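Here the structure is laid out as structure tokens; the discussion comes afterwards.
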Amino acid sequence: MAVRVASTIVDLHESLADPRTGGRRIALVPTMGAIHDGHLGLVETAREHGDFVAASVFVNPTQFGPDEDFERYPRDLDRDVDLLGSAGVDVVFAPDVETMYPPGTESVMVDPGPLGQVLEGEFRPTHFRGVLTVVAKLFALLRPNTAIFGEKDYQQLVLVRHLVRSLHLGVDVVGRPIVRDDDGLAKSSRNVYLSDAERKAALALSHALREGADAAVGGTDAVLRAANGVLDAAGDVGLDYLALTDAELGDPAPGEPARLLVAARVGATRLIDNLGFDLPADTKRAT
Ligand code: AMP
């Protein structure tokens with residue numbers, strides 16, 4: 001069946017009425033559009049977890065800082081709807097800003113707590129407040145059984161899980177591994193901003209993460225040394241942070257799953273990436 005596009009809350013509820021009364025499991029894929037294979041991977045996971053798939057396309061103003069790319073963020077709804085429909089999405093929810101933020105309601109926002117102020121939050125202090133607010137609104141409007149988020153935005157995924165637990169939202173949050181180009185660059189809507197030379201320089205991020213993971217046998221210091229070595233040697237990469245954490249973004253521990261996260265500016269474009277791996281049990285903790 002052809003994909004439906006709902007741009008108002010009334011349209012959305014109409015589209016969801018039959019699936020809901022029919023007892024179908026609704027899986028939601030939230031996006032900001034500029035659909036690429038990373039998003040389509042989330043749709044594939046959504047189809048495994050639900051029998052009615054909704055995707056949202058909404059460039060959420062509250063998660064952008066004043067000097068960020070909200071205005072020039074790539075937008076092409078027709079193309080997005082085609083791609084999402086071909087991938088098996090049943091309804092695309094594409095609201096405007098007033099629908100998501102009715103005038104007079106802007107003052108109520110979700111506070112992400114301390115985890116929203118570290119890593120990405122240190123460089124984008126209001127980002128996760130905007131993200132968790134829009135995710136809470138989407139969950140309230142669609143009441144999905146499951147929602148799929150990419151590990152590409154790893155801190156976001158962890159914080160959305162906190163949101164669901166804290167507010168008893170009852171949504172099963174599923175993470176999907178990062179989809180990469182053949183050369184390792186993580187797919188991102190912002191990759192279109194990169195010139196050829198910048199795209200080459202951007203490979204330092206995924207390369208650094210792999211080198212770091214390969215050094216895990218030597219312990220946490222060795223991981224950071226190896227990854228920093230790659231980033232230091234790369235031209236045109238302005239590092240914001242490189243951090244090694246456990247799976248919940250706390251301190252890394254031997255014998256436990258770890259995450260190595262990086263954010264850097266390549267030219268005028270800010271990119272993030274991360275990689276999960278196990279830290280061996282028999283190495284020393286970082287001092
Ligand atoms: P965005 O449209 O950038 O807000 O992303 C929407 C969702 O797609 C988020 O859950 C992202 O983590 C996820 N996503 C974006 N790029 C990728 C990727 N390369 N691999 C997996 N998930 C991704």
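The values are calculated or read from the model by the stated rules, or taken from the named source; none is laboratory data. Bear in mind that the values here come from a model prediction, so they are computed numbers and not experimental data. All Cβ positions, glycine included, derive from the backbone under ideal geometry; neighbour counts span all protein chains shown.
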**Q.** Hits in the stretch 243-258 (condition: in contact with a helix residue (DSSP H, G or I) (Cβ under 6 Å, 6 or more places away or on another chain) and in a strand (DSSP E or B))
**A.** 244
Q. Can you name the residue in the stretch 1-51 that is within 20 Å of residue 150 (Cα to Cα) and in a strand (DSSP E or B) and is also nearest to the ligand (Cβ to nearest atom) among such residues?
A. 31
Q) For residue 223, are the conditions met, namely being surrounded by 14 or more Cβ atoms within 10 Å (Cβ to Cβ), free of Cβ contacts under 8 Å to residues at least 60 places away in the same chain and farther than 16 Å from residue 272 by Cβ? A) yes
Q. Out of the residues in the stretch 152-190 that are free of Cβ contacts under 8 Å to residues at least 40 places away in the same chain and part of a helix (DSSP H, G or I), which is surrounded by the fewest Cβ atoms within 10 Å (Cβ to Cβ)?
A. 165
Q) Is there a residue in the stretch 70-81 that is more than 16 Å from the ligand (Cβ to nearest atom), assigned to a helix (DSSP H, G or I) and either under 20 Å from the mean Cα position of the chain (by Cα) or farther than 22 Å from residue 169 by Cβ (or both)? A) yes
Q) Hey, among the residues in the stretch 104-135 that are part of a helix (DSSP H, G or I) and over 15 Å from the mean Cα position of the chain (by Cα), which one's farthest from the ligand (Cβ to nearest atom)? A) 114
**Q.** Hits in the stretch 52-67 - residues which are more than 13 Å from the ligand (Cβ to nearest atom) and more than 20 Å from residue 9 (Cβ to Cβ)
**A.** 65, 66, 67
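To keep it simple, each residue is scored yes or no on (1) surrounded by fewer than 18 Cβ atoms within 10 Å (Cβ to Cβ); (2) at pLDDT below 95.
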position: 197; (1), (2): yes, no
position: 209; (1), (2): no, no
position: 214; (1), (2): yes, no
position: 232; (1), (2): yes, no
position: 236; (1), (2): yes, yes
position: 245; (1), (2): no, no
Q.
So residue 100 ticks every box in (1) farther than 18 Å from residue 171 by Cα; (2) in contact with a Pro (Cβ under 8 Å, 6 or more places away or on another chain); (3) buried (at least 17 other Cβ atoms within 10 Å of the Cβ) but one. Which box is left unticked?
A. (2)
